[in-house]
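The values are calculated or read from the model by the stated rules, or taken from the named source; none is laboratory data. Because the structure is a prediction, the values reported are computed rather than measured. When we count neighbours, we look across all protein chains shown, and the Cβ atoms used for this are built from the backbone with ideal geometry, even at glycine.
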Amino acid sequence: MNLFIAISIGLREISAHKFRTALSMLGIVLGVSSLVATMALTGGIEEGSRKFMQQMGGLESVSVVSREPSSSDFDFANLSPGRTLLDAEAIRRSANFISHVSPEISFSTAVATDGGGNPERYSIRGIYPDHFVIGMHELAAGRYLTPLDIERGTRCAVVGDSVARYLWPNTTPEKAIGNTILIDSSPFTVVGILSLYQMESHARARKSGKSFSRRWDPFRQKNETVLIPFTTMFYEFRSGAFPLDSLETIKLETLTIRVGDLDFFRPALDEVRSILNTTHRGVDDFDLETRQDWFDRIEASVRATRLSGALISAISLLVGGIGIMNIMLASISERVREIGIRLAVGARQRDIFWQILIESILVSFLGSLLGIFASLGLIEILKAISPTENVPVLSADAILLAVGFALFAGLFSGLYPAAKASNIDPITALRYE
Amino acid sequence: MSLIHLEGLSKVYRVGDQEIKALSDINLRIEEGEFLSIIGSSGSGKSTLMHLLGCLDTPTTGRMEICGKDLAKATGDELARVRNREIGFVFQSFNLLPKLDVISNIALPLIYAGVPHAQRLARAKQAAVDVGLGDRLANRPPQLSGGQCQRVAIARALVNNPRILFADEPTGNLDSATGRIILEIFDSLHAAGKTVVLVTHDPSIAARSRRIIEIQDGSITREYAP
């Protein structure tokens with residue numbers, strides 16, 4: 001007996017009991033669809049975070065963050081000045097592997113045009129020109145802030161796209177250059193406007209005119225920024241005089257550095273660490289946070305999600321397998337006489353065994369096909385109810401994996417009924433009513 | 001050489017710790033082309049003998065040669081092969097598959113013989129025509145009369161061109177007129193040279209054959225020609 005005949009017998013059996021078979025498939029359908037949907041969603045998250053990370057400065061960017069010193073250093077903790085402009089200067093001067101250093105101080109305040117209109121709160125950030133490189137900024141119009149702006153403490157500002165759009169809704173970025181804005185009522189001249197940063201899905205939504213306001217935008221911070229020279233920030237909004245001789249007194253909100261060559265990433269981090277050890281007087285109250293760490297964290301949570309999805313799917317598949325076994329057992333006890341007849345006309349035990357096993361695998365295969373269709377619907381539902389920015393990625397791997405597991409469940413749950421069916425005694429089976 | 005050769009054959013069933021002797025010391029030769037009846041009352045062991053001859057079961061002791069093969073200690077696969085190639089069965093209750101149409105029912109043994117699809121259909125169709133059912137190929141057994149069902153069963157038994165045809169009370173579920181028609185088919189098969197073994201409890205049916213074996217309490221008690 002060949003495979004084709006076994007499959008056609010199986011299909012006939014299935015179509016003779018459609019409702020019963022559909023019920024027994026339910027577990028497989030659930031298992032496959034949840035597995036495929038989980039894989040698609042987590043794949044989307046991974047893909048999205050990878051793109052986002054590249055947009056936000058790539059692997060070369062490293063953040064210097066502060067942290068609680070370890071308990072052994074606790075007594076000396078107040079010897080360290082913390083993250084200050086001195087750190088930035090020291091790295092700029094002494095670290096060979098670091099190409100850019102971007103110290104930052106910031107505060108939030110109202111911004112308005114000089115022509116009146118409603119002010120809006122934005123985050124004002126005092127920066128050095130390296131910020132534009134590390135933040136991977138692009139200009140829509142005008143120029144970046146220059147070292148001269150820093151040196152002179154000029155009243156120049158570069159604003160994000162959302163800010164320009166809010167303040168001058170009816171002009172192009174080119175025409176907005178040279179306008180004056182009031183930051184906490186101090187006048188600044190807009191010398192540059194940044195491009196609009198957005199995810200691909202946003203660009204698509206914007207083009208098709210769909211509403212997307214509800215969704216989380218990772219680039220919001222970048223688009224709503226107002227950048228002014230670090231020194232100006234200090235003069236205008238902090239103490240007044242810039243204490244050049246004691247950079248240590250200027251605490252930073254953010255300190256980001258960029259490694260020149262990724263091949264020397266670890267040495268670069270070691271170098272920065274030893275410099276910061278000096279400026280922090282040996283207190284380990286700082287950490288170097290790489291984008292890789294950040295990505296690893298996302299990866300870890302993605303893995304956890306994937307694992308829980310896989311667990312749910314595994315349970316569903318197990319239950320589905322038991323369902324199939326149940327139906328197969330019911331089916332063979334209904335078909336004892338048929339099996340007897342087949343044996344009497346020359347079927348071998350193994351022909352019966354394969355017939356039942358293939359039927360069981362067929363049920364799980366059909367179930368997994370339904371499951372794949374169901375997963376498409378499930379993905380749409382999840383997309384609609386969760387504010388995710390990431391388009392689920394339906395991968396062939398996930399589908400193959402899910403179908404593979406389903407077939408395995410079908411095979412496994414068919415073994416016992418198949419063995420039972422093939423051990424039926426033909427004489428008893430022929431007498432069976 | 002005989003087609004079937006039994007020597008000192010016995011079959012013992014075990015029910016709990018009780019032994020039931022269904023057959024003891026059966027010696028029998030059946031030659032090619034014979035028309036033979038096995039007759040006996042119910043419980044005499046004739047069905048057991050028939051199952052052994054039909055390779056549905058193996059004997060407890062003794063020699064059993066069918067078509068030159070010693071099958072007393074044969075494996076399940078060997079028995080299945082003999083059932084498929086050398087033996088055709090006709091049962092009292094027809095034993096057709098109700099979900100299959102006539103032609104698929106007839107073609108069933110060919111599936112297990114590994115005959116390709118097109119050939120299977122052609123041979124099954126020919127067998128159906130031979131028993132006079134050429135116009136009912138697409139019907140299913142529940143749509144047929146008892147006599148037609150039994151003719152489908154005969155066509156199925158003959159489709160793989162076996163050397164021996166076993167019939168177990170073939171007219172038991174039929175009225176006497178239809179039964180006669182079925183028995184005439186056996187007559188004509190015998191005339192065409194097929195070996196036919198008929199199992200029955202009815203002496204008038206057994207009388208159609210050329211040789212009658214009478215079984216009582218698991219032993220052959222009498223052998224005569226009608």
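Evaluate the stretch A:314-334: report whether one residue or more is under 21 Å from A:HIS17 (Cα atoms), in contact with an Asp or Glu (Cβ under 8 Å, 6 or more places away or on another chain) and in the same structural domain as A:ALA398 (by TED's automatic domain parsing). Yes, the stretch A:314-334 contains at least one residue that is under 21 Å from A:HIS17 (Cα atoms), in contact with an Asp or Glu (Cβ under 8 Å, 6 or more places away or on another chain) and in the same structural domain as A:ALA398 (by TED's automatic domain parsing). Can you confirm whether A:ASN78 is part of a strand (DSSP E or B) and either over 32 Å from the mean Cα position of the chain (by Cα) or surrounded by 15 or more Cβ atoms within 10 Å (Cβ to Cβ) (or both)? Taking the combined requirement at face value, the residue does not satisfy it. In the stretch B:127-169, of all residues being touching a residue at least 40 places away in the same chain (Cβ under 8 Å) and assigned to a loop (DSSP other than H, G, I, E, B), the one that is surrounded by the most Cβ atoms within 10 Å (Cβ to Cβ) corresponds to B:VAL159. Identify the single condition in (1) of a type in the set (Gly, Ala, Ser); (2) modelled with pLDDT under 85; (3) not in a loop (DSSP other than H, G, I, E, B) that A:SER102 does not satisfy, given that it satisfies every other one. For A:SER102, the exception is condition (2).
Name the one entry in B:SER47, B:SER37, B:SER41 that is touching a His at 6+ places or on another chain (Cβ under 9 Å), closer than 17 Å to B:ASP202 by Cα and in contact (Cβ under 8 Å) with a residue 12 or more places away in the chain.
Answer to the selection: B:SER41.
Candidates in the stretch B:195-226 are the residues that are in a helix (DSSP H, G or I) and either over 15 Å from the mean Cα position of the chain (by Cα) or of a type in the set (Val, Ile, Thr) (or both); of these, the one that is farthest from B:SER47 (Cα to Cα) is B:SER204.
Counting residues in the stretch A:23-32 that are more than 21 Å from A:VAL403 (Cβ to Cβ), outside the structural domain of A:THR278 (by TED's automatic domain parsing), in a helix (DSSP H, G or I) and under 27 Å from the mean Cα position of the chain (by Cα) gives zero. Restricting attention to the stretch A:279-297, the residues that are surrounded by 13 or more Cβ atoms within 10 Å (Cβ to Cβ), modelled with pLDDT of 80 or more and part of a helix (DSSP H, G or I) add up to 1. Of all positions in the stretch B:118-138, none carries a residue that is at pLDDT below 95, in contact with a Cys (Cβ under 6 Å, 6 or more places away or on another chain) and not β-branched (Val, Ile, Thr).
One line per residue, one yes/no per condition, for (1) within 14 Å of another protein chain (Cβ to nearest Cβ); (2) among the β-branched types (Val, Ile, Thr); (3) under 47 Å from the mean Cα position of the chain (by Cα):
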site: A:GLY346; (1), (2), (3): yes, no, no
site: A:LEU357; (1), (2), (3): no, no, yes
site: A:GLU380; (1), (2), (3): no, no, yes
site: A:LYS383; (1), (2), (3): no, no, yes
site: A:VAL393; (1), (2), (3): no, yes, yes
site: A:ALA409; (1), (2), (3): no, no, yes
site: A:PRO417; (1), (2), (3): no, no, yes
site: A:ASN423; (1), (2), (3): yes, no, no
site: A:TYR432; (1), (2), (3): yes, no, no
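Counting only helices (runs of 4 or more DSSP H) that sit wholly inside the stretch A:123-187, those with at least 3 residues that are among the aliphatic types (A, V, I, L, M) are A:161-167.
Any chance the stretch B:94-116 includes a residue that's in contact with a Gly (Cβ under 7 Å, 6 or more places away or on another chain) and among the acidic types (Asp, Glu)?
Let us first name the residues in the stretch B:94-116 that are in contact with a Gly (Cβ under 7 Å, 6 or more places away or on another chain), namely B:109, B:112-113.
Then drop every residue that is not among the acidic types (Asp, Glu), which leaves none.
No, the stretch B:94-116 has no match at all.
Determine whether A:PHE107 is without any contact (Cβ under 8 Å) to a residue 40 or more places away in the chain and either in the same structural domain as A:PRO392 (by TED's automatic domain parsing) or over 27 Å from the mean Cα position of the chain (by Cα) (or both).
When the stated conditions are applied, A:PHE107 does not pass them.
Filtering B:ILE66, B:ILE87, B:ILE4, B:ILE38 for residues that are within 11 Å of chain A (Cβ to nearest Cβ) and buried (at least 17 other Cβ atoms within 10 Å of the Cβ) leaves a single hit, B:ILE87.
Filtering the stretch B:190-211 to residues that are of a type in the set (A, V, I, L, M) and surrounded by 20 or more Cβ atoms within 10 Å (Cβ to Cβ) leaves B:VAL196, B:VAL197, B:LEU198, B:VAL199, B:ILE205, B:ALA206. For the residues B:LEU49, B:LEU97, B:LEU56, the requirement of being part of a loop (DSSP other than H, G, I, E, B) and within 16 Å of the chain's Cα centre (by Cα) singles out B:LEU56.
Considering B:ILE111, B:ILE87, B:ILE154, B:ILE106, which residue is over 23 Å from B:LEU198 (Cα atoms) and at pLDDT 90 or above?
Details: B:ILE87 fails: over 23 Å from B:LEU198 (Cα atoms); B:ILE154 fails: over 23 Å from B:LEU198 (Cα atoms); B:ILE106 fails: over 23 Å from B:LEU198 (Cα atoms).
It is B:ILE111.
Of everything in the stretch A:37-65, what is assigned to a helix (DSSP H, G or I) and touching a Leu at 6+ places or on another chain (Cβ under 7 Å)? Give them in sequence order. Matches in the stretch A:37-65: A:ALA37, A:ALA40, A:LEU41. Residues satisfying the criterion are absent from the stretch B:199-212 (criterion: over 25 Å from B:GLY68 (Cα atoms), within 14 Å of another protein chain (Cβ to nearest Cβ) and in contact (Cβ under 8 Å) with a residue 60 or more places away in the chain).
When the stretch A:319-342 is filtered for residues that are of a type outside the set (Asp, Glu), within 14 Å of chain B (Cβ to nearest Cβ) and part of a helix (DSSP H, G or I), the ones remaining, listed by number, are A:SER331, A:VAL336, A:ARG337, A:ILE339, A:GLY340, A:ILE341, A:ARG342.
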